[in-house]
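This report concerns only the one structure given below.
Bear in mind that the values in this text are calculations on the coordinates, not laboratory data. Given the structure is predicted, the values throughout are model-derived calculations rather than measurements. Cβ placement follows ideal geometry from the backbone for every residue including glycine, while neighbour counts extend to all protein chains displayed.
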Amino acid sequence: LRQGKEVSNPLSPPRNHCIRCGECCRRSSPSLQWEDLTLLEKDLIEKRTLFTVRKGEMVRDNIRGCLVVVDTEIVKVKEMEEGGCLLYDDLARACRIYPNRPVQCAALKCWDPREFEKVFKGAKIRRSDIVSDPVLLGLIQQHERRCSFERLESHVKRIQVEGERALGAILEFLRFDFEIRPFVSHKLGIPFEEMDLVFGRPLIKTITRFGLQVIRQPDGAFFLTILKSPAGGKTSLSH
Ligand code: SF4
Ligand code: SF4
C-alpha cells in the first residue's frame, strides 16, 4: 500500500478508510487464497517471491495473537529479514504489485478485521495447485515423506534417550533437505530462488521450532546446538 498525505495521529478520530501508510505491509506478508491463483497463472506474482509454510511449522497467528503449528501447508509472500512483505518498496513507500495485490491485502482494513477474517477462512493455495510438472510433484512428495516435521519431532524427542543416534538421524534430515535444493534447481532448470516455494524454507532454519540451532562448520558440516531462547520465529500465518 502507498504512503498518503494523511498522517496517523493519536488525536485523530478513529480511522474508517485506508490512508496507504504501509504499516500493515511493513509488519507481515499475505498468504495466498484460492482467488489469487490467477495472479500466478498470469505471472503477476513471481514464484521466486513466494515460499511454503509446511505442515507442522510453527508460525505467529496474527488474528489470535499466538504461536500456532500449522496443520496444512500455506503459500505465502516472502518476508524480509527484519520483517514485512518482500513486495513492499520502502523507498517508494508503495506495494510493487498494488493493482494485482493478493486478496488478503485488498481485504485488510486495520480499523475493522471482519472482511479480512472472512477472506482468511476461504480455501488457500497449495503447491499442487501451482506445480504442474509430475516429476517435481513427485520430488515434493518424497521430500515431505522424508523430511516431515512430524518425523523430525519424533527424532528430537529421542535425543535425551538415544543421544548421538538421534542426533545423527536429525543431521541426515538436514543434509537431505539442504542438498536436494541445488540438485533439483540444476537438474530441472528451476531458479534456486524458487526452492523455498518448492520445498519450504530450509530445515536448518525452521528447526528452531524445536529449540535447536544449526551452526555451519568451516568445512560445511552442520553442528546442532540448543537455542538459548527457543522461539517460533518471526514468520506469521497471514497479515
Ligand atoms: S490498512 Fe491500515 S495499516 Fe494498512 S496501509 Fe491502510 S491505513 Fe495503513
Ligand atoms: S503484497 Fe503489496 S499490499 Fe500486500 S503486504 Fe505486500 S506490499 Fe503490502
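Among the listed pairs LYS47/LYS121; LYS47/LYS124; LYS76/LYS121; LYS78/LYS228; LYS78/LYS121; LYS78/LYS109, give every one whose C-alpha distance is greater than 19 Å. Where the Cα-Cα span goes over 19 Å, the pairs concerned are LYS47/LYS121; LYS78/LYS228; LYS78/LYS121; LYS78/LYS109.
Projecting the Cα atoms of LEU91, LEU152, PRO202 onto the charge dipole of the chain (Cβ charges, centred on the Cα centre) puts LEU91 farthest toward the positive pole.
Available extension along the chain between GLU46 and ASP90 is 13.9 nm, counting 0.36 nm per residue and deducting the alpha carbon span. Karplus-derived 3J(HN,Hα) values for segment 179-185, using 6.51 cos²θ - 1.76 cosθ + 1.60 with θ = phi - 60°, are 7, 5, 5, x, 5, 5, 4 Hz; glycine and proline are entered as x.
Comparing PHE178, GLN142, TRP111 along the charge dipole axis of segment 107-216, the residue lying farthest to the positive side is TRP111, per the Cβ-charge model.
Counting only residues at least eight positions apart within a chain, or on another chain, the aspartates and glutamates with an alpha carbon under 17 Å from that of LYS118 are GLU35, ASP36, ASP61.
Each residue of segment 75-92 is assigned a 3J(HN,Hα), and the resulting list reads 9, 9, 6, 4, 10, 6, 3, 8, x, x, 6, 4, 8, 8, 8, 5, 5, 7 Hz, derived from the Karplus form 6.51 cos²θ - 1.76 cosθ + 1.60 (θ = phi - 60°), x at Gly and Pro.
Hey, what number do you get for the chain at 222 nm if only DSSP H runs of n ≥ 4 count, each worth -39500 (n - 2.57), divided across all residues, to the nearest 500?
Counting only the DSSP helices, I get -9500 deg cm²/dmol.
Extents of the chain, taken as max minus min of Cα coordinates on every principal axis and listed largest first, are 61, 41, 34 Å. Note on the chain: dipole from Cβ charges, positive end direction compared against PHE51, LEU188, ALA169; the farthest Cα belongs to PHE51. Once both labels are positioned 7 Å from their Cα atoms along Cα-to-Cβ, the gap between LYS205 and GLU164 label points is 3.3 nm. If r is the Cβ-Cβ distance from GLN213 to PHE183 and R0 is 25 Å, what FRET efficiency results, to the nearest 0.05? The calculated FRET efficiency here is 0.50. Just to be sure I understand the model, the point goes 7 Å from the Cα along the line to the Cβ. What's the resulting PHE222 to LYS55 distance in nm? For the pair PHE222/LYS55, the computed spacing is 2.1 nm.
Report the FRET efficiency, 1/(1 + (r/R0)^6), for ARG175 and GLN141, where r is their Cβ-Cβ distance and R0 is 25 Å, rounded to 0.05.
0.80
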